[in-house]
Amino acid sequence: MPVPLRQSAKMASYLVQQKLHRREKFPLLVELEPLFQCNLECAGCGKIQHPEHVLRRRMPVEQAVGAIEECGAPMVSIAGGEPLIHPEIDEIVRQLLARKKFVYLCTNAILMEKKLDRFKPSPYFAWAVHMDGLRERHDASVCRDGVFDKAVQAIKAAKAAGFRVTTNTTFFTHDSPKTIQSVLDFLNDELQVDQMMISPAYAYEKAPDQEHFLGVRQTRELFKAAFADGRRKKWRLNHSPLFLDFLEGKVDFECTPWGIPSYSLFGWQRPCYLMADGYAKTYQELLETTDWDAYGRGRDPRCDNCMAHCGYEPTAMLATTKSLKQSLRALAG
Ligand code: SF4
Ligand code: SF4
């Protein structure tokens, strides 16, 4: 099942509305983090290094739903931490679906099969399972044996129950074109997940493993080689063609951090999901009080190696809508 037609239609209508209202900055998708606690400690993770009293906090349902309503984004990706640890995660999802938001529930899948019956299949809902490679690579990436097998089992159970299942794969310097091809072939052809998201890892300052983050040149070479032989067209990637062009160095873009903002227990994170230069109480306040020109490659050294989806997919999506040729290319898949 590719991106449902109703999702593409809703996004198109949302973009037209923004244009009609002459809004220059608006959210396409919110990264909602209703907790920071996780049941894994991945070496490349920069999200779980908070003190114990912060890790124990859970965002109330009304706060999570209120933030999404205030900003008006049509899509929400619920991340963390591990969202399935949150005792009211099913209620947060239910309330967002009732408001016709498209929801991706990101998970490392350890609790997914156990909690599957707390959710219902819907064209507005998709699982987004963290899957960094085949068995050996994935288990090394999440620093625990057996997680790959558990995730595969949970994906099969969710598909059998009628859910839309997508995956989210992050690549590091350990990866080669061959390891990228192997995992994406497996997810696409064997597991037959509905769509796959990919991203080079962002060099979180707090991540325990600082040695394996990719630079811009390495990222471009890696994806150019991995996408060769027509594979890029074969894979059901949940990205615009222009973002994939960007990954393999065919085009270059500036980052659009306000397009995929992040809302967590601390508020709206400035400037993006990956960096935390303070927080705003509302999305509107975030827009008005952030010096957006201070961020991006060549402006802030922390951005220099970033080619992450949350900064550059909004740029690619907005460029797509401005060009008939690119819009047709995106529709052709
Ligand atoms: S599963 Fe996700 S949130 Fe949990 S430690 Fe790994 S990368 Fe971080
Ligand atoms: S380039 Fe953009 S998305 Fe990446 S870290 Fe900088 S502000 Fe965030």
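The values are calculated or read from the model by the stated rules, or taken from the named source; none is laboratory data. A quick note: this is a predicted structure, and the numbers were derived from the prediction, not measured. With ideal geometry, Cβ positions are generated from the backbone for all residues, glycine too; neighbour counts draw on all protein chains shown. Keep in mind that these areas ignore ligands, DNA and RNA; they rest on the heavy atoms of the full protein, side chains included. Shrake-Rupley method; radii C 1.70, N 1.55, O 1.52, S 1.80 Å.
What helices (runs of 4 or more DSSP H), lying completely within segment 18-122, carry at least 3 residues that are more than 30 Å from residue 138 (Cα to Cα)?
Result: 61-71, 89-98.
Filtering segment 295-308 down to residues that are in contact (Cβ under 8 Å) with a residue 12 or more places away in the chain and not in a loop (DSSP other than H, G, I, E, B), which residue is least open to solvent (accessible area, probe 1.4 Å)?
303
Restricting the first residue to segment 309-320 and requiring it to be on the phi > 0 side of the Ramachandran plot, which pairs with a second residue that is more than 14 Å from ligand 2 (Cβ to nearest atom) and not small (Gly, Ala, Ser) meet a Cβ separation below 9 Å and a spacing of at least six or different chains?
The qualifying pairs do not exist here.
Determine the pairs where a residue that is away from ligand 2 (no atom under 14 Å from the Cβ), located within segment 180-209, has a partner that is of a type in the set (Gly, Ala, Ser) and not in a strand (DSSP E or B) with Cβ atoms under 6 Å apart, the partner being 6 or more residues away or on another chain.
Between residues of segment 180-209 that are away from ligand 2 (no atom under 14 Å from the Cβ) and residues that are of a type in the set (Gly, Ala, Ser) and not in a strand (DSSP E or B), the close pairs are 180/226; 181/226; 183/133; 208/43; 209/43; 209/44.
Hey, can you tell me all the residues within segment 261-289 that are part of a strand (DSSP E or B), more than 16 Å from ligand 1 (Cβ to nearest atom) and either over 13 Å from residue 64 (Cα atoms) or of a type in the set (D, E, K, R) (or both)?
Selection gives 270, 271, 277, 278, 279, 280.
Is there any pair with a first residue in segment 248-260 that is open to solvent by 40 Å² or more (accessible area, probe 1.4 Å) and a second that is part of a loop (DSSP other than H, G, I, E, B) and of a type in the set (A, V, I, L, M, F, W, C) whose Cβ atoms are under 9 Å apart and which are 6 or more apart or on different chains, and what are they?
Within 9 Å, the pairs are 255/272; 255/306; 255/308.
When you go through 182, 199 one by one, which is the residue that is within 30 Å of residue 160 (Cβ to Cβ), touching a strand residue (DSSP E or B) at 6+ places or on another chain (Cβ under 9 Å) and not in a loop (DSSP other than H, G, I, E, B)?
Result: 199 is the single residue among 182, 199 that is within 30 Å of residue 160 (Cβ to Cβ), touching a strand residue (DSSP E or B) at 6+ places or on another chain (Cβ under 9 Å) and not in a loop (DSSP other than H, G, I, E, B).
Name the pairs: first residue in segment 104-128 and under 14 Å from residue 92 (Cβ atoms), second residue away from ligand 2 (no atom under 16 Å from the Cβ) and of a type in the set (Asp, Glu), Cβ to Cβ under 7 Å, at least 6 apart or on different chains?
Partner pairs satisfying both residue conditions: 107/82; 118/90; 119/90.
Step by step: first the residues of segment 55-80, then only those that are open to solvent by less than 20 Å² (accessible area, probe 1.4 Å) and of a type in the set (Gly, Ala, Ser), then the one that is farthest from ligand 1 (Cβ to nearest atom). Which residue is that?
Out of the qualifying residues, it is 73.
Which residues, counting only those in segment 126-151, are open to solvent by 20 Å² or more (accessible area, probe 1.4 Å), assigned to a helix (DSSP H, G or I) and within 19 Å of residue 192 (Cα to Cα)?
Across segment 126-151, the qualifying residues are 135, 149, 150.
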